[in-house]
Amino acid sequence: HEALADKQHAGQRRQTVLAALTRLKQVCNHPAHYLADGSPMLRRGTHRSGKVELLGDIVSTLIAEGDRALIFTQFAAFAELLSEWLTPLAGTELPVLHGGLRRSDRDELVTGFAAPDGPPLLIATLKAGGTGLNLVAANQVIHADRWWNPAVEEQATDRAYRIGQTRAVQVRKFVCIGTLEERIDELIAAKRELSSLTVA
């Protein structure tokens, strides 16, 4: 009985730690994402998140230059917030690709983005956008938040590098300095270095 109780306690402690890490990552994205209270991305015309402000600047520039981008996040809720906030900048409704979509809806969304007159941005969760998709209409990739496993990010980035891509692809990865995201970035770099040593 004691062994079972210890195991359950360890499992609960692990869940508590993971939940806390998730909340810290949400804070790095935006207060509205962390609070999940329907509060606005902007308050009295000012930005509440340096990350989102920078994203808006980049998006405005890439649209003005005729580029198209994939924006990845690990959180479906943050993807929806970004879509709502960036739609006025893009001048058109922005699609969100997430794991809750039916196959037919997903295919329709991808086809719409690939069309010459498709939206300039596609916002996707890492897991939903990570496999089996050809999204070469985009020549820019933005990772709005970081995932622990570099292979997952690379799979998502590869959606823009598929056969048929004729342009150079620019990839940006957002990191909030002095936060958990910076530690994640350091961990990812260490994993890549270890992987290169073992593969070599």
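Details
- Taken per residue, the accessible surface of the chain reaches 56 Å², heavy atoms only and a 1.4 Å probe.
- The chain - Rg (one decimal) and Dmax (whole number), Cα, Å: 18.4, 65
- Sequence of THR22, THR125, THR61 from largest to smallest accessible area, 1.4 Å probe: THR61, THR22, THR125
- Rounded FRET efficiency, nearest 0.05, which uses the C-beta distance separating ALA114 from ALA64 and R0 of 22 Å: 0.55
- Within the same chain, lysines fewer than 8 places from LYS127 are excluded, and of the rest, those with a Cα less than 26 Å from its Cα are LYS25, LYS51, LYS173, LYS191.
- Percent of Cα-Cα distances greater than 12 Å, calculated over the stretch 61-110: 67 percent
- Amide H contacts of ALA128 (H built 1.01 Å from N, under 5 Å, at least 5 apart or other chain): GLY99
- Net charge over other residues, Cβ less than 11 angstrom from the Cβ of VAL136 (K, R count +1; D, E count -1): +3
- Dipole magnitude of the stretch 115-196 about its Cα centre (Cβ charges: Lys, Arg +1; Asp, Glu -1), debye to nearest 20: 180 debye
- Looking at the chain alone, DSSP beta bridges between its own residues are antiparallel in about 10 percent of cases.
- Spin-label model, LEU101 to LEU187: label points 7 Å out along the Cα-to-beta-carbon direction sit 2.9 nm apart.
- Net charge dipole, the chain: roughly 340 debye, given to the nearest 20, about the Cα centre with Cβ charges of +1 for Lys and Arg and -1 for Asp and Glu.
- Here the stretch 44-85 is assigned +1 on the Cβ of each Lys and Arg and -1 on the Cβ of each Asp and Glu. Its dipole about the Cα centre then comes out at about 160 debye.
- Scanning the chain for GluC sites (Glu not before Pro) that sit in a DSSP loop and have at most 13 other Cβ atoms within 10 Å, the longest stretch containing none of them is 94-200.
- Across every pair of non-identical alpha carbons in the stretch 30-127, the mean reciprocal distance, once inverted, gives a Kirkwood radius of 14.1 Å.
- Spatially, the stretch 112-159 and the stretch 20-95 are offset by 16 Å when compared through their Cα centroids.
- Whole-percent carbon and sulfur share, accessible surface of the stretch 60-100, 1.4 Å: 50 percent
- Cβ-based charge dipole, the stretch 1-108, positive-most Cα from CYS28, PRO88, GLY11: GLY11
The values are calculated or read from the model by the stated rules, or taken from the named source; none is laboratory data. Owing to the predicted nature of the structure, the values given are computational and were not obtained by experimental measurement. Cβ: placed from backbone, ideal geometry, glycine included. Neighbour counts: every protein chain shown. Keep in mind that these areas ignore ligands, DNA and RNA; they rest on the heavy atoms of the full protein, side chains included. Shrake-Rupley method; radii C 1.70, N 1.55, O 1.52, S 1.80 Å.
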